[in-house]
1. Find every distance from the label point of A:Glu334 to the corresponding label point in the other copies (7 Å from Cα along Cα→Cβ) and write them in nm, one decimal, shortest first.
2. With both bridge residues required to lie in the range A:61-160, what share of the DSSP beta bridges run antiparallel, to the nearest 5%?
3. Quick one: putting +1 on the C-beta of Lys and Arg, -1 on the C-beta of Asp and Glu, what dipole do you get for the protein assembly as shown around its Cα centre, in Debye to the nearest 20?
4. Sketch the reach of a paramagnetic label on B:Arg315 as a point 7 Å from Cα along Cα-to-Cβ, and name the residues of the range B:215-236 whose backbone nitrogen lies under 11 Å away.
5. With each pseudo-label sitting 7 Å past Cα toward Cβ, what's the B:Arg221-A:Ala338 distance in nm, one decimal?
6. Extending each Cα 7 Å along its Cβ direction at A:Ala356 and A:Thr302, get the distance between those two points in nm, one decimal.
7. Placing a label point 7 Å from Cα toward Cβ, how far apart in nm is B:Ala281 from its equivalents in the other copies, listed shortest first to one decimal?
8. Using a Förster distance of 41 Å, how high is the FRET efficiency between A:Asp395 and B:Glu49, based on the Cβ-Cβ distance and rounded to 0.05?
Number of protein chains: 2
Amino acid sequence: VGLDAELERLAADLDAAAVLRGGGLDRYGTPARGAPGHPDAVVRPADLEQVRTVVAWARGAGAVLVPQGANSGLVGASTPPPRRPDREARPMVVLSTERLRAGPVVDPVARTAVVGAGVRLSELNEEAAAHRLELPIDLGADPSLGGMVATNTGGSRMIAHGDLRAHLLGVRAVAADDRVSVVDELTTLRKHNVGPSLTQLLVGAGGAFAVVTDVAVSLERVPRERATAWMVPVDGPAAIAAVVDLEARGAPLSAYEVVGAHALEAARGVGPPGADPFGGAPAPELSVLVELSGDDVAERLTAELERLAADGRIRDAVVQPPTRAWSLRHRITEGLRARGAVLGLDVSVPRGSLDAFRVAARRVVARVAPEAEVADFGHWGDGGMHLNVVWVGGDEVPAHRRAELVDAVLALVVGDFGGSFSAEHGVGPHNAAWWDRTVGDGTRLALQGLAAALDPLGVLGHPGLPYRGGPAPPAATHPGTAAGGSGSPNNDP
Amino acid sequence: VGLDAELERLAADLDAAAVLRGGGLDRYGTPARGAPGHPDAVVRPADLEQVRTVVAWARGAGAVLVPQGANSGLVGASTPPPRRPDREARPMVVLSTERLRAGPVVDPVARTAVVGAGVRLSELNEEAAAHRLELPIDLGADPSLGGMVATNTGGSRMIAHGDLRAHLLGVRAVAADDRVSVVDELTTLRKHNVGPSLTQLLVGAGGAFAVVTDVAVSLERVPRERATAWMVPVDGPAAIAAVVDLEARGAPLSAYEVVGAHALEAARGVGPPGADPFGGAPAPELSVLVELSGDDVAERLTAELERLAADGRIRDAVVQPPTRAWSLRHRITEGLRARGAVLGLDVSVPRGSLDAFRVAARRVVARVAPEAEVADFGHWGDGGMHLNVVWVGGDEVPAHRRAELVDAVLALVVGDFGGSFSAEHGVGPHNAAWWDRTVGDGTRLALQGLAAALDPLGVLGHPGLPYRGGPAPPAATHPGTAAGGSGSPNNDP
């Protein structure tokens, strides 16, 4: 039986809008970063039972289902791989969660919300705002809640609020075992200490093991006020000391974003000059967007800046309204794209090592790719850094540089600094090779056992996910890891 | 080969202090609550390799290892079961983590600590206090860090700080597969988003799957000040409305403990009269210990209490120094023991339903055990309630009442209120039957797969844990669930 006939059979079991085939699938095949993929079809189940029907169908049809939320992930996990001559013959089908639209059901007394996996963060927060509540995860994209579980979204305010995991109370999900079992841990209870949590295991799994259909999260109060400033630390160590000082004094810190000179210049290049806190002076080697959130934080911010200046941590500071302060920060990605070809690495190291790592990484880049510049920025408060290598005026990252550069920088991160090859973007075909290199035996063994139970045929998840289910070991069947070789991280900041 | 010979062989591979046999094992066999167990031996490995040696030995010797930290758990999971005629013949050996004493290594810049599993919470916090940091989990016992992972310790300040899971950055653990694999996810990185986390799966697992040897946690700043008061809400709904109000106004709430009249009377009965906030007047139907933590919280507390009174939420409030305010709260358990035989149920419901649940639960108790009284207290801010049924003057919970009462109350909790049969104590032989009744297929399937990979012979964990590894299904081999029938929760508050 051909795929067409199989899909007709599936459509008959679902509804007319549930199966998409042929033209018009570009939206589902084009990832936020990286090369376009090639879905053979898109299925869009509208409720839990339809998800079960789709999974059962895929088991029978020998198809791979790539779960996709808002398709805003940055590691390539939500679109099927591009067509390749050596690709396995299984049909690659996007399982879009966009019709899983239950809720949001907000409980203002419990401060919780329950939503379908396809509901967007902005939609949830619009509903929550009526109660002065929010899911306080702040990022450039507008992901779906299911996607946020799959990638464990962090964002700029993680220093205050933690990541998605920190807010997750429970999920409902559909496994791909022979009974198409439901993992039903959907609850809004905050105290529910009943043994190992599968909900927690699905966090960051990138769509492997089970398809998340519903999500319950804890909400927080919207702060009354935010106050922001750009400040210039006297040097790198002072940038770290300043955040330690702020925390030690109990300042209600909600963001601490450190931006290197080249990244700041890039952001300046695409914005109106009036927004520049430094009035067109040469970009400082490091500048910091600091934000406090709570009651009476404007006064508090001024006092903290004076104290940091008096203590010799900073040599300049400009208070700006939040919208203006953040606009410069948010233009960095666009600015870097305008500046040239960008190889972006999403890494972290222990906070105290950030400056030493920054210096060492620049040395590595200068050795491997002397023609490129480093434009770094990141959530230093949590140890995160987006290390971007930019070929100014270039259209593409030079192919002969990519592998060596990625290897050299990530070896420095992981080997010398005890850091992470994926600070916040998660694991997907773009960086699966580094998962393979760094993850230990015990973790692999456990995930194999889990995959054997929940997805023995390897139905769920991008084929490049190194820990997904299926009969063959990852190295033999996964184009992502096999092709990636030294890893092929997203080529954007 | 007999157990004695096997243990001699093990001792030769470890050291003289590592294997204990014969007399003097009471300390390891007596749980904090429930009937004494009967360890055939105690092994105390001193490092990761010794743990691996012990696990390999147990695989060969056919022994069951029951991991034990400070033995302060309340669900019976850290001591072997009492001897029973029908018990399986496998030797029951306590694996004590008390010699896993690495660290604490505190990093004040990163605000992290790495410790051996046998280090106590108090020891970690003593070390952290030198940097004005703490692991802000507050409870009556002094558990080991490994035990805290195994039970996901919550405590009285969970409303502000979350549970152990919220602070856990990584663990190292030893599995019981044929290679005795190490799960090595020990890291202090805060941004390390590299796929599914085994660390998170071991949280709350009660010693199944793998033996935790090392733990990395995030620390928080010690608040400058705490301010506490006892207040009297006008009624149950007002007790809930008051905590919602406090949160909505951004009060830095760090505890919200609601105590029923009989529990307050019990605490009064064992304390010095001077400490009583209500000066000997009849105990209010509900009273609340409220605590704020941060800067200038004394003034803030006074202002909040005035506001709550003006809004008609409370009819009385007494500000007391924290030590005095908490001393009454901390005497409840002792007070209940002094008052009679106690059947304790550790439950939660959505916060908005706490009062309705309390009323309904009292009705159920009055029907099933009209001779008993209900003495409840709990972390209402998080929806938690310790529902204690007290037979005043009794020595033992009447055997003919226990099963019916537990069933009736937990059916109310789970079925009618969507609540939890174990809000914070975790899962062990005391409540395993309710895990069996309430946990769904998908979760079971996944845990079976995990157990098959990590502990195929069923070496690790109390035999009464319903999700542990081993060839036979739980119902056939686990004395805890088989004997429990309707569950036999801890008989203390």
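1. 6.5
2. 45
3. 660
4. In the range B:215-236, the label zone of B:Arg315 (backbone N under 11 Å from the point 7 Å along Cα→Cβ) covers B:232-236.
5. 3.7
6. Going by the 7 Å Cα→Cβ label model, 3.9 nm.
7. Taking the point 7 Å beyond Cα along Cα→Cβ, the inter-copy spacings are 6.3 nm.
8. E(calc), rounded to 0.05, equals 0.15.
Any read-out appearing in this document is the output of simple, stated calculations on the displayed coordinates, not a laboratory observation. Quick caveat: nothing in here was measured; it's all calculated off a predicted structure. When we count neighbours, we look across all protein chains shown, and the Cβ atoms used for this are built from the backbone with ideal geometry, even at glycine.
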